[in-house]
Amino acid sequence: MTGGTSQSLSKITKSILNQYGIKLNKNLGQNYLIDKNKRDQIIGFGNINKDDVVLEIGTGIGTLTIEIAKRAKKVIAIEQDRGISDILAQRLKDEKIDNVELINDDALKVEFPKFNKIVSNLPYQISSPITFKFLDYDFDLAVLMYQKEFADRMNGEVSTKNYSRLSAMLYFKCDVLKLTDVSAESFLPKPEVDSTVVCLKPKETRIPEEDFNFYSKITKALFQHRNKKIRNALIDSRHVFCSLDKKEMKKRLNSIEDERLEDYLKKRVVMLTPEEILFLSKEINEILRE
């Protein structure tokens, strides 16, 4: 990319889209960043150097890709749209950039090559599944742009409206740091909502994978009924984590003699901290094995 103002980046983007007859579909998450200052700020957050292999999901025409490639050892760029991917391939060729591995595929289905950083303006509609997929890989940090509302839920405090399955799941996997907000005016086409850039840093100490797998099931079950009491939420969404019928599930829960656990069952879902949900999940797992 060239140009010293956000307007010039906007003109470049529009010119490329017009040249290839591309009409963006914001329903598919095709909202292209046209603010150069924000683009440079996002890349700066990644602290990218010549030792870094950077993963980018939803590259578009290369607004981030080309600038990242100038700083990184390599960029793994994944773009599902064939036409857009072909445009980026041509731009890379024109700019004589040869350190980008361009993958035309569905990021949710493809196995990621080895990388150590992620920098992406993510397609909104895959925000949740792609974030959880990232956490299955080892990396140093991720700089990611989401819808503001989604980003707020990533760090939701217990008992607030933003406390969610997402925040409870991320709690044990990574630290989430809000970096900057990005106005809807910074995109083409203009989305309905503002965006937020966050940094994810995997936690060094994680709970065992076996514990986390069942924790994730219990968390999913609970947050389907976030305002119900724990006991009722577990009964109503028992199918998420076990095959017991309603009568047997009630019987197992009624057999609990642990006072701490019994107290948790009386609380509402949004009142339980991630640590308490983890304790609950371990205890429920034991009860189901009896």
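The values are calculated or read from the model by the stated rules, or taken from the named source; none is laboratory data. Just so you know, these numbers come straight off a predicted model, no measurement behind them. Note: ideal-geometry Cβ built from the backbone for every residue, glycine included; neighbour counts use all protein chains shown.
Residues checked against (1) in the same structural domain as Asn121 (by TED's automatic domain parsing); (2) aliphatic (A, V, I, L, M):
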| residue | (1), (2) |
| --- | --- |
| Leu188 | yes, yes |
| Lys220 | no, no |
| Arg226 | no, no |
| Lys246 | no, no |
| Glu259 | no, no |
| Asp263 | no, no |
| Lys267 | no, no |
| Leu272 | no, yes |
| Asn285 | no, no |
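I'd like the residue in segment 181-224 that is over 19 Å from the mean Cα position of the chain (by Cα) and assigned to a strand (DSSP E or B) and, out of all such residues, is modelled with the highest pLDDT.
Within segment 181-224, the match that is modelled with the highest pLDDT is Phe187.
Mind checking which residues of segment 38-52 are out of contact with any helix residue (DSSP H, G or I) (no Cβ under 6 Å at 6 or more places or on another chain) and either part of a helix (DSSP H, G or I) or within 12 Å of Thr65 (Cα to Cα) (or both)?
From segment 38-52, those out of contact with any helix residue (DSSP H, G or I) (no Cβ under 6 Å at 6 or more places or on another chain) are 39-42, 44-47, 49-52; that's our starting set.
Matches in segment 38-52: Arg39, Asp40, Gln41, Ile42, Gly44, Phe45.
Take Glu262 and tell me if it is of a type outside the set (Gly, Ala, Ser) and without any contact (Cβ under 8 Å) to a residue 24 or more places away in the chain. Let's see the steps before the verdict.
Numbers: of a type outside the set (Gly, Ala, Ser): yes; without any contact (Cβ under 8 Å) to a residue 24 or more places away in the chain: yes.
Here the answer is yes, as Glu262 does meet what is asked.
Kindly evaluate Leu17 against the criterion of being modelled with pLDDT of 95 or more and in the same structural domain as Phe139 (by TED's automatic domain parsing).
When the stated conditions are applied, Leu17 does not pass them.
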